[in-house]
Amino acid sequence: MNNTSKTDWDRVDAKSDQELIREAIADPDNPPIDEEFLSRARQVQPPQPKRQVTLRLDSDVLEWFKQQGKGYQTMINAVLRAYKDVQEKEQQTQ
């Protein structure tokens with residue numbers, strides 16, 4: 001995984017704080033921190049403690065996750081959680 005920053009730091013450093021704030025507010029990928037956002041954030045459950053397990057995975061699957069970089073085990077957990085959530089939702093609708 002390439003950890004080289006793609007940010008043009010010279011361009012960022014040349015801007016005033018006001019310009020950076022204006023651009024951040026205008027960025028559609030940077031939602032405002034408003035009451036709706038804070039309300040949703042308050043509903044997020046704290047992470048559950050993890051349990052250590054031994055898990056057998058296909059070599060190519062494990063290598064792919066490892067190539068994604070640091071946090072690959074957390075990513076595997078997130079994929080499994082998403083699958084679990086979809087299965088639970090489908091079971092509730094049956």
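Some observations on this one:
- Each residue of segment 65-74 is assigned a 3J(HN,Hα), and the resulting list reads 4, 4, 5, 6, x, 4, x, 5, 5, 5 Hz, derived from the Karplus form 6.51 cos²θ - 1.76 cosθ + 1.60 (θ = phi - 60°), x at Gly and Pro.
- Calculated semi-axes √(5λ) of the Cα gyration tensor in Å (choose from [x] 43, 30, 11; [y] 22, 20, 11; [z] 35, 24, 12), label: [z]
- Lysines whose Cα lies under 26 Å from that of residue 70, excluding same-chain neighbours fewer than 8 positions away: 6, 50, 84
- Simple Cβ-charge dipole of segment 37-90, Lys/Arg +1 and Asp/Glu -1, about Cα centre, in debye nearest 20: 360
- Annotation: the residues 57, 62, sorted from fewest to most other C-beta atoms within 10 Å of their own C-beta, follow the order 57, 62.
- Given charges at beta-carbon only (K, R positive; D, E negative), |dipole| of the chain in Debye: 680
- Extension reserve of the residue 86-residue 22 stretch, reckoned as 0.36 nm per residue once the Cα distance is removed: 19.2 nm
- The trypsin sites (Lys or Arg not before Pro) of the chain that meet both conditions, a loop assignment by DSSP and at most 16 other Cβ atoms within 10 Å of the site Cβ, are 6, 15, 50, 51, 56, 70.
Each value in this text was obtained by applying a stated rule to the coordinates, not by laboratory testing. Remember, it's a predicted structure, so these values are computed and weren't measured experimentally. Cβ sites come from the backbone with ideal geometry, for glycine too, and all protein chains shown count toward neighbours.
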